[in-house]
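The values are calculated or read from the model by the stated rules, or taken from the named source; none is laboratory data. Keep in mind that what you see is a predicted model, and the values were worked out from it rather than measured. Methodologically, a virtual Cβ is constructed for each residue, glycine included, from the backbone with ideal geometry; neighbour enumeration extends over all protein chains shown.
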Amino acid sequence: MGCGSCSTGGGCTPNGCKSNGSCGTGGCQTMEVHDWLSNLDMPSNYKPFQVTEIKFKGSRKEFFLNNDNIYLEIGELVAVEGPTGGFDVGHVSLTGELVRIQMKRRKTPLDQVTKKIYRKATEADVEKWNAAKEMEWETMHKARKLALDLRLQMKISDVDYQADKTKATFFYTADGRVDFRELIKKMAENFRIRIEMRQIGMRQEAGRLGGIGSCGRELCCSTWLTNFKTVSTAAARYQNLSLNTLKLAGQCGKLKCCLNYELDTYLDALKDIPDRIENLDTEAGYARHQKTDIFKKIMWFSYQGDENWIPVAAARVKEIMVMNKAGKKAPNLKEEAIQIAAPVIVEKSFDYENVVGQDSLTRLDERSRGKNNNQKNNRNNNPNRRDRIPAGDKNVAPNQKPQQGQKPQQAGPKPAQGNAKPQPRPQNVPKPQQPQGQKPVAKVEGEVSAEGVKTEQSKNKNRNNRRKNNNRRNNNNGSENKPAAE
């Protein structure tokens, strides 16, 4: 139901149910109030309340008089009177008797409401309003650059243009007072508009900009939280939270507002737990306090040199503390330990197939290992595989046939390069033919077959022929390189 522009302010039209602002849930309005009187029939002589609540950018809400009794619904765009003249455009956030209750809660008397509602926003009003909103982003960056040039210790976080482009409000945060008179002069020269500077706190800045908290939900200050209470580190101590600023701080840099939500419940539970717990004096020695379960009212102690923690009821700890004050020692805490039942693990049964759990991080490694193993098995089972000859045994001849598509290697020297004449190739020694149907015989080290002797002789002949050809080639080259006799 919500949309992306809710956190940045300005309101929007619902896109979920297409009701154009009349949805009962009001999901597209931040800081909205549920109109629980919308479905009730009013009396016949009832006069509607003339004040209407209008919402602007950044969850800013103001009250306006509806003197013309214009029929308005929640979410509609209306043109209202500006704070310093002109007009502005906003969304209707609340009408009827609930506005009277809101005015009492904010302590706003009826006499202070003086600004009026002009009309429902026309197409021309909406076009001017949209054009003014498009200028805010560029204006904010130019203003930040001017502030940096003047070396002002301030951060401009947001700009709010009036719908008629006659005024712009700049929101900034700073640690102290800032003299921005020179900045206003330069901004007035560049923007040609009436300028108002308004300082806000870090929490208000986070509420205006919006965002997602560490809990995964939209920030409380930008959705429903209207007043900001002080949060201290004592709230974290009462709840036994680690004093880690990275975890306790929100996006505003301050302590999280949600630390105060359950503080009252913890304070009520801490009434039954002794405060300022010291070491308990027992017959087995001094027992040191380790931790406390506030809601179960169980406290854990341990003896020096013993790593096991002993759970003791908080009421019994109070009694032991009274005994120690009277100068008496308590019995061994192991005799008074509470039996804590082990948590029961219930296996969840899913009514769907768990596809995610089937895949593991090492599934690709296992697949590659299986592929390598299959390649090794195929290489070992290949009948045409050439056996490796040991370095010390040169009498064993390899039994390998040329693979398909590969030419057999011819013995003999290569033709000489340059001007040397090619030498005739020696005739190839015919290889012994095996009878058809007979499988190749595996050779065993230390045994030499007749075929191996013949192949070894042919190798020796080829080696001798290569040496002769090399010697002839070297002699020819040497004769050609000699200088001619004059």
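Things to note:
- Pairs with Cβ under 7 Å, 6+ apart, first in the range 202-219 and assigned by TED's automatic domain parsing to the domain that holds Lys155 and touching a residue at least 24 places away in the same chain (Cβ under 8 Å), second basic (Lys, Arg) and not in a strand (DSSP E or B): Met202/Lys254; Arg203/Lys254
- From the options Asn279, Asn260, residue that is in the same structural domain as Ala326 (by TED's automatic domain parsing), of a type outside the set (Ser, Thr, Tyr) and surrounded by 13 or more Cβ atoms within 10 Å (Cβ to Cβ): Asn279
- Filter pass, Val92 being outside the structural domain of Ile200 (by TED's automatic domain parsing), closer than 24 Å to Trp224 by Cβ, hydrophobic (A, V, I, L, M, F, W, C) and in contact with a Phe, Trp or Tyr (Cβ under 8 Å, 6 or more places away or on another chain): no
For every residue, the table says whether it meets (1) under 39 Å from the mean Cα position of the chain (by Cα); (2) not hydroxyl-bearing (Ser, Thr, Tyr).
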site	(1), (2)
Ile298	yes, yes
Tyr303	no, no
Ile310	no, yes
Arg316	no, yes
Ile320	no, yes
Asn324	no, yes
Ala330	no, yes
Ile338	no, yes
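- Screening Ala147 on (1) of a type in the set (Gly, Ala, Ser); (2) touching a strand residue (DSSP E or B) at 6+ places or on another chain (Cβ under 8 Å); (3) within 30 Å of Gln50 (Cα to Cα) shows it passes everything except condition (3).
- Only one of the listed residues (Asp164, Asp111, Asp149) is over 30 Å from Ala249 (Cα atoms), under 39 Å from the mean Cα position of the chain (by Cα) and surrounded by fewer than 19 Cβ atoms within 10 Å (Cβ to Cβ). That residue is Asp149.
- Hits in the range 252-274 - residues which are of a type in the set (Val, Ile, Thr) and without any contact (Cβ under 8 Å) to a residue 24 or more places away in the chain: Thr265
Yes or no, residue by residue, for (1) modelled with pLDDT of 90 or more; (2) among the acidic types (Asp, Glu); (3) within 25 Å of Gly207 (Cα to Cα):
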site: Val51; (1), (2), (3): yes, no, no
site: Ile54; (1), (2), (3): yes, no, yes
site: Ile74; (1), (2), (3): no, no, yes
site: Thr122; (1), (2), (3): yes, no, no
